[in-house]
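The values are calculated or read from the model by the stated rules, or taken from the named source; none is laboratory data. Keep in mind it's a predicted model, so treat the numbers as computed, not measured. Positions of Cβ are backbone-derived with ideal geometry, glycine not excepted, and every protein chain shown enters the neighbour counts.
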């Protein structure tokens, strides 16, 4: 490996304790590989151990490839720390669940999955691409990424960023596709306000190539790759919310609780936990995998973070409290299905390729957890709260490719590969009807933001006329809270003694225009008082930015 990836002055800074820099020098990277080797050798069964020497011995890789992997791992670690230090939230996994859940749900492990959210490059539609669950029910999907909430739920956060619906017919298609293709991934179209600025996840690419060329089986060899997931925190929440993760509505259906929503919202704004792994491009188990989108497998060792080769006192990527959590909190289960796996490549000298998404976890093919001192083969562990006796586990994760790019055509081709093109078509038709309903409401004189949020709150998007009709109650509600917030601001401005009358009028008009632009982020399902408080808070923030304190 070239030691020029880290310059002398950077090495000095690392020695002075700057978080993350020490991982870029040769000795650290060698230690990283050696420690990962040792862990695989110590805790794995005889079929999977010592990732380097075993792979060479079994002719999975050559000695030259082993050296290249050592070089490549340094670039992957470097990309990890840059993502952490620069707060690249678009690399964070999206956390997803549905508002309605099955009555047989045992814990949030059954209903929470992760993935990515992308905006099509040739249109305005967004998509959730990630794990999905047979415990989900039709209705609102709720997604969290980078501290933002997509999709509203009753009596909760007054601020959201668009949303989406899942119809029963879509769920049937998703379930059938998962059973037939053994890939637990779904593509769900989402409705977003106009002109939303969104940064799509970076796809892994080599210099002067695109994603499909970079992950071509001839080009993409064995490598170190990192699983990014909120698995430890969700394991913790599963225990903390064991008896309060749901409530039963007046309709006698089961719904995810506000406590779960609060936790996931907060968690999504933090850096995910990193599980280092060893990627091998090998054939999948079974015969139902689509070879066009299957990518290979990632071998991941899960246990206490002090065992991780990424554990360094000056370069942690996680809260210090994790050092004292029991090992069971780091057990991997179906919560991590859909998570992105990241990698980078060394391209010579001190240069690395971009740090980007290699693929998504589509399932857990094999695993060997050590529970109470014995290796278990009980697959029910993958869908339940981790047992207290869990110490460490080796997981073989199935990976699938991303769409070749994020254009609508590529996304639809990808959906076809997952046997979900019909479900995606149903979702897109619903969004088209919702957009026409928004236009109809705007044409009748309703503010765009009010129309958008009202339509988003409607339970079903079956027809334009039905959506417009059902949205009227939310239009009235949003107009009412909008006027209440604006009235508060007007009264506040009137109370200021040192501002001229015409200036007060001007500032109230500015606030009105500002709130017009905020209304498309309102969750019309939230309580009136919460929405009013959100709008007043937004107005006060705007006035303070103008030097006015009310």
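Cβ-Cβ distances below 8 Å connect the following pairs, each with a first residue in region 328-357 that is on the phi > 0 side of the Ramachandran plot, a second residue that is surrounded by fewer than 24 Cβ atoms within 10 Å (Cβ to Cβ) and part of a helix (DSSP H, G or I), and a separation of six or more residues or different chains: 349/4.
The one condition from (1) modelled with pLDDT under 90; (2) within 21 Å of the chain's Cα centre (by Cα); (3) farther than 18 Å from residue 358 by Cβ that residue 183 does not meet is (3). If you go through region 388-401 and keep only what is touching a helix residue (DSSP H, G or I) at 6+ places or on another chain (Cβ under 7 Å) and either surrounded by fewer than 15 Cβ atoms within 10 Å (Cβ to Cβ) or over 20 Å from residue 307 (Cα atoms) (or both), you end up with just 388.
Residue 119 meets the conditions (1) in the same structural domain as residue 414 (by TED's automatic domain parsing); (2) buried (at least 22 other Cβ atoms within 10 Å of the Cβ); (3) in contact (Cβ under 8 Å) with a residue 40 or more places away in the chain; (4) touching a strand residue (DSSP E or B) at 6+ places or on another chain (Cβ under 8 Å) in every case but one. The failed one is (2). Of all residues in region 173-194, those being touching a residue at least 24 places away in the same chain (Cβ under 8 Å) and farther than 26 Å from residue 442 by Cα number 15. Restricting attention to region 122-134, and to residues there that are crowded, with 23+ Cβ neighbours inside 10 Å and in a loop (DSSP other than H, G, I, E, B), which single residue is farthest from the chain's Cα centre (by Cα)? This residue is 133.
Out of region 386-407, which residues are more than 24 Å from residue 116 (Cα to Cα) and in contact with a strand residue (DSSP E or B) (Cβ under 7 Å, 6 or more places away or on another chain)? Quick ask: steps written out before the conclusion?
At the first step, the residues of region 386-407 found to be more than 24 Å from residue 116 (Cα to Cα) are 386-394.
Within region 386-407, 387, 389, 390, 391, 392, 393, 394 meet the criteria.
Would you be able to say whether some residue in region 472-480 is modelled with pLDDT of 95 or more, assigned to a loop (DSSP other than H, G, I, E, B) and crowded, with 18+ Cβ neighbours inside 10 Å?
Let us first name the residues in region 472-480 that are modelled with pLDDT of 95 or more, namely 472-480.
Imposing the further condition that a residue be assigned to a loop (DSSP other than H, G, I, E, B) reduces the set to none.
The answer is no; no qualifying residue exists.
Scan region 406-425 and give yes if some residue there is assigned by TED's automatic domain parsing to the domain that holds residue 331, surrounded by fewer than 17 Cβ atoms within 10 Å (Cβ to Cβ) and outside any helix (DSSP H, G or I), otherwise no. There is at least one residue in region 406-425 that is assigned by TED's automatic domain parsing to the domain that holds residue 331, surrounded by fewer than 17 Cβ atoms within 10 Å (Cβ to Cβ) and outside any helix (DSSP H, G or I). Here the condition is being at pLDDT below 95 and under 29 Å from residue 226 (Cα atoms); of 88, 119, it holds for 88 alone. Set side by side, the residues 490, 469 differ, and just one is surrounded by 14 or more Cβ atoms within 10 Å (Cβ to Cβ) and assigned by TED's automatic domain parsing to the domain that holds residue 534, which is 490. Considering only residues that are surrounded by fewer than 13 Cβ atoms within 10 Å (Cβ to Cβ) and under 22 Å from residue 450 (Cβ atoms), which ones fall in region 493-522? Hits for region 493-522 are 509, 513.
All conditions in (1) closer than 21 Å to residue 305 by Cβ; (2) assigned to a loop (DSSP other than H, G, I, E, B); (3) touching a helix residue (DSSP H, G or I) at 6+ places or on another chain (Cβ under 6 Å) hold for residue 329, with the sole exception of (2).
Of everything in region 344-385, what is touching a helix residue (DSSP H, G or I) at 6+ places or on another chain (Cβ under 7 Å) and under 18 Å from residue 114 (Cα atoms)? Give them in sequence order. Across region 344-385, the qualifying residues are 361, 364, 382, 383, 384, 385.
For region 75-91, which residues satisfy the criterion of being assigned to a helix (DSSP H, G or I) and closer than 15 Å to residue 354 by Cβ? The answer is 75, 76, 77, 78, 79, 80, 81, 82, 83, 90, 91.
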